[in-house]
1. At q = 0.17, 0.19, 0.24, 0.30 Å⁻¹, what log₁₀ I(q)/I(0) does a Debye calculation on the Cα points of segment 14-74 give, no solvent, two decimals?
2. Which distance in Å, rounded to a whole number, links the C-alpha centroids of segment 74-127 and segment 22-64?
3. Need the full-extension length gain, residue 85 to residue 108, defined as separation in residues times 0.36 nm minus the C-alpha distance. One decimal, nm.
4. Given 0.36 nm per residue, what is the gain on full extension from residue 95 to residue 15 after removing their alpha carbon distance, in nm?
5. Under a no-solvent Debye model with one identical scatterer per Cα of the chain, what's log10 I(q)/I(0) at q = 0.18, 0.20 Å⁻¹?
């Protein structure tokens, strides 16, 4: 089955500066995305329940986005966390772009919903 690119967006009551630290640093990612994160140069190892998954930081722009090539993704696929401000409301928005089998996008979106709920609780903001 073909994998498809999808994006989910969340309003986050946080400044882009604070949110960026949660999506781009070892300590920030360890608070919501994975149980533990190790970083050596641009190579990240994410641990979930003791199982590692490796990723390489492909691109980043401070306070705007980070993009990873994950070990289990194809070469033209990526995992991206992007921060932007709504032009209408001035709210901070976190857009997560990922890839999944077409029939798994809904389930993966529910996983992201749960992870972002944890992120929001760690930041200290409620939506």
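Just so you know, all these numbers are worked out from the coordinates, no wet-lab data involved. What you see is a predicted model, and the numbers here were worked out from it, not measured in a lab.
1. For the requested q values the scattering log ratios are -0.54, -0.68, -1.02, -1.34.
2. With segment 74-127 and segment 22-64 each reduced to a Cα centre, they are spaced 15 Å.
3. Separation in residues times 0.36 nm, less the Cα-Cα distance, equals 5.8 nm.
4. Full extension of this stretch gives 27.4 nm more.
5. Cα-only, vacuum Debye calculation for the chain: -1.02, -1.27.
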